[in-house]
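Derivation of every value follows stated rules applied to the coordinates shown; laboratory data play no part. Predicted model, so just to flag it, every value in this text is computed and none were measured. Ideal geometry is used to build each Cβ from the backbone, glycine not excepted, and the neighbour counts take in all protein chains shown.
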Amino acid sequence: MSRSGLSFRRVFLPALLLGASFAAQAEAPLPRSAGTPYAPRTLPDRIVLTPGADPSREMAVAFRTDLLQGTAEAEIGPAVDGPTLGEKAVRLTGTSRRIESSNGPALYHQLRFTGLTPDTAYAYRVKGSAGWSEWLQFHTAAQEPRPFRFMYLGDIQNGILTYASRVIRQGFHANGGIALVLHAGDLVAQRDDLDHDDEWGEWNQAGGYNYAIVPQVPATGNHEYVDVPAAEGKESRALGPYWPVQFALPGNGAAGVKATTYFIDYQGVRFIVLDGTSAIDLGTMAAQTRWLDETLASSKARWNVVLFHQPVFTCARPNDTAQIKAAWKPVFDARKVDLVLQGHDHCYSRLTNEAGSAAGIAARAGGAVQGPVYLVSVTGSKMYGLNDRAATQPDKVAEATELYQIVDVAGDRLKFRTFTASGKLYDGFDLERRADGNHLVETDEPTIARRTCTGNVGPDGGACVARSK
């Protein structure tokens, strides 16, 4: 059977001790990472910082230890400029959950840092059975609109450490001051690529300490879900065991989907995160659509950005995502969403007008207001070929290309730039907020040539690695 154009395959679901367990369903063992370096240790690892709904006053952290560290413990205090961080730090405790994996049993811990002072640097550390992590520093958001920068990543999913890590690290290395990182789902494959625990180990290693000091804003993709038996010999989906322990999210989302939907307000931008897989496959579309509309209606932010996995307008698949397009696009239009950030298609697309690129150019030349800008991008190594519409509908496309995006928000201007893995500028535009609405201005910075395959030859001169979807 298939759902959303994806072929189902039974996989092993490690038993997560949360009052429920799942049976092992492996057809065959999945490949392991070389050297299998991902066993839990006596010192904390997989440390991931996430924002609270109000990141000016709240952050959260999740991390992993061996079983000897039975409690979730952290210290946090003002980030002073000398080696006396511990003198004013306070000790906090949180929650712990055990997970069984091929790398051995582990405890995942989560703590929330609340009552923080806006626009302030803090340092924290977390405890393992053999001692503390290093001190890790973050900065709370300001309460009022203020310029900041965020990075947006498409599917990391495949070749996580081998290939995607260099893209993530290039993004951080070449662009200082990144305040948030947005992930458009399928952070790992969690079906058919590597052993699942190894995949999450590689994901954490790819981002390294950056994930512990820059708040991460993840959306679920279909690969964050696993296949489970349902009644009458059918299959259903369940959220994979790693998601709820790896990310301490705000929990302010749609009814019944609070583990994977949420919003945050950061210095004049409201970021809204949706779960397309649950909406399509698990019957939560109506609840998410109502919540989306309410959350946009209540937004006092200057900019509204929506993040989810399955794209409204596809660049690789034959058809657009019909259910999401029918339910969510009218809300985006009515509520004047600025950016819609997506993944899933393993190609690049920037689309500003459903009628096509030429229609969009003509409308802008006539002074038309710009509606939502739809982006699809990919960071990992799996690549799909472009569909027939890609030649005329999007403004810019790419295939067989790993990318990251840097977005600068400053007052009435939002600056969006797409870079290749080696740091070359590939696409760019500004949204300017004027009295009548947004206007899109193409960048006048030099960008590299269009990257697509020519027959069996890829854009770098080697084999075309983009397969047909």
- [ ] Could you tell me the distance between the Cα centroids of segment 329-371 and segment 174-195, to the nearest Å?
- [x] 24 Å
TODO: Among DSSP beta bridges lying fully in the chain, give the percent that are antiparallel, nearest 5.
DONE: 75 percent
Task: Nonlocal amide H pairs with Ser33, under 5 Å, H built at 1.01 Å - done: Asp195
Open item on the list: Given Cβ point charges of +1 (Lys, Arg) and -1 (Asp, Glu) and nothing else, what value in debye, to the nearest 20, does the dipole of the chain about its Cα centre take?
Closed with: 260 debye
TODO: Might you report the magnitude of the Cβ-based charge dipole of segment 310-469 about its Cα centre, with Lys and Arg at +1 and Asp and Glu at -1, to the nearest 20 debye?
DONE: 340 debye
- [ ] Once you have a ≥ b ≥ c as the square roots of the Cα gyration tensor eigenvalues for segment 148-467, tell me rounded if a/c is under 1.5, and otherwise prolate or oblate according to whether a/b is larger than b/c.
- [x] rounded
TODO: Kindly provide the helix-only [θ] at 222 nm of the chain, computed as the sum of -39,500 (n - 2.57) over DSSP H runs of four or more divided by all residues, to the nearest 500 deg cm²/dmol?
DONE: -4000 deg cm²/dmol
Task: Dipole of the chain [Lys/Arg +1, Asp/Glu -1 at C-beta], most positive-end residue of Gln310, His346, Met383 - done: Gln310
Open item on the list: Using a Förster radius of 51 Å, what is the FRET efficiency between Val457 and Glu432 based on their Cβ-Cβ separation? Nearest 0.05, please.
Closed with: 0.85
Open item on the list: Could you tell me which residue out of Ile178, Gln190, Gln143 lies farthest along the dipole of segment 106-250 toward its positive end? Charges go on the beta carbon: Lys and Arg +1, Asp and Glu -1, centred on the Cα centre.
Closed with: Gln143
TODO: Using only the Cα atoms of segment 181-314, build the gyration tensor, take square roots of its eigenvalues as a ≥ b ≥ c, and label the shape rounded, prolate or oblate: rounded if a/c is under 1.5, else prolate if a/b is larger than b/c, else oblate.
DONE: oblate
Open item on the list: Just to verify a number: FRET efficiency for Ser102 and Leu282, C-beta to C-beta distance, R0 = 25 Å, to 0.05?
Closed with: 0.40
- [ ] Calculate, in nm to one decimal, what Glu134 and Asp444 gain on full extension: separation in residues at 0.36 nm each, minus their alpha carbon distance.
- [x] 107.3 nm
Task: Sequence ranges 215-222, 445-452, ranked by mean other-Cβ count within 10 angstrom, highest first - done: 215-222, 445-452
Task: Selection from Pro250, Cys464, Tyr163, by position along the positive dipole direction of segment 148-467 (Cβ) - done: Pro250
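With +1 on each Lys and Arg Cβ and -1 on each Asp and Glu Cβ, how big is the dipole of segment 184-264 about its Cα centre, in debye rounded to the nearest 20?
Details: 4 positive and 12 negative charges, 109 e Å.
The calculation lands at about 520 debye.
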